[in-house]
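Data first, discussion second: the structure below is written as structure tokens.
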Amino acid sequence: MKIAVLGGSFNPVHIGHLVLADCVCQELGYDKVLFVPCFLPPHKEMADAAPAKDRLKMVELAVKSDSRFEAEDYEIQKKGISYTWDTVCALEKKYAGRLTDKIGLIFGFDLASHFENWKNAELLAEKCQLILAVREDELKQDAENSRNKAIGEYKIEKKGFSVRDFNFPHVKVHNPQLEISSSEIRSCIQNGKAWRYLVSDAVFEYIKKRGLYGCKNGGSE
């Protein structure tokens, strides 16, 4: 069985996460994607965070209709700072004898720029199949940059991080350009803007029921 891991705060989980997991299964042949909500991320502060049990429950609700997806509660149960290295080691033990390949580790362009600072980054890159989710605009920008060759003493100044700057062994998966983020959803809820179809039906109902992120009056239809 080929298993990939998609970690994150999932605050809340949204349809973009589901679409990405679907792409990993369809394009790279993975049998299962484990959604792993973190307890405390090591690289950022969690603004307006729902309680861990609520974030886990939303993930469970979001993935229940697709047998390829599963909520994994290891980091929530472990508590403390959630390091991907620890999680992957634990999952290797949990699925020992059933894995037919390295565990796939899915992450986006935004995290790739500081992957080298992750706990045991080089060992993690050896232990896992790194799966870099990139959008079409990111690929196009890299292609454009590669066509612009420096001539003579002229040099092209490289601004920011690009896909080509990620030097760890990896495969790419197409990440559909859906302009959705958890922070945007939280902002929409708090400011009374439409957010109904940015999450699954079950997650929408759960957020309303629990009054998460300041949701009032049944939320936005």
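Residue count for region 44-56 under the criterion of being basic (Lys, Arg) and more than 17 Å from the chain's Cα centre (by Cα): the result is 1. Per the listing MET46, MET58, the residue uniquely modelled with pLDDT under 95, in contact with a strand residue (DSSP E or B) (Cβ under 9 Å, 6 or more places away or on another chain) and either outside any loop (DSSP other than H, G, I, E, B) or under 16 Å from SER181 (Cβ atoms) (or both) is MET46.
The selection criterion, being within 16 Å of SER183 (Cα to Cα) and basic (Lys, Arg), does not hold for LYS32.
Answer with yes or no whether ALA52 is free of Cβ contacts under 8 Å to residues at least 40 places away in the same chain, surrounded by 15 or more Cβ atoms within 10 Å (Cβ to Cβ), among the small types (Gly, Ala, Ser) and out of contact with any His (no Cβ under 6 Å at 6 or more places or on another chain). So ALA52 passes the test.
GLN77 satisfies every condition listed in (1) outside any helix (DSSP H, G or I); (2) surrounded by fewer than 16 Cβ atoms within 10 Å (Cβ to Cβ) except (1). Within region 80-95, restricting attention to residues that are of a type in the set (Val, Ile, Thr) and open to solvent by 30 Å² or more (accessible area, probe 1.4 Å), the residue that is nearest to VAL5 (Cα to Cα) is THR84.
With the condition kept exactly as written, say whether any residue in region 30-39 is closer than 26 Å to GLU122 by Cβ, in contact with a Cys (Cβ under 6 Å, 6 or more places away or on another chain) and open to solvent by 40 Å² or more (accessible area, probe 1.4 Å). Within region 30-39, none of the residues are closer than 26 Å to GLU122 by Cβ, in contact with a Cys (Cβ under 6 Å, 6 or more places away or on another chain) and open to solvent by 40 Å² or more (accessible area, probe 1.4 Å). Of the helices (runs of 4 or more DSSP H) that lie entirely inside region 103-221, those containing 1 or more residues that are modelled with pLDDT of 95 or more and surrounded by 15 or more Cβ atoms within 10 Å (Cβ to Cβ) span 121-127, 182-190, 201-210.
The values are calculated or read from the model by the stated rules, or taken from the named source; none is laboratory data. Just so it is clear, the structure is predicted and the values come from calculations on it, not from any experiment. Note that each Cβ is placed from the backbone with ideal geometry, even for glycine, and that neighbours are counted across all protein chains shown. Accessible surface areas use protein heavy atoms only, side chains included; no ligands, DNA or RNA. Shrake-Rupley method; radii C 1.70, N 1.55, O 1.52, S 1.80 Å.
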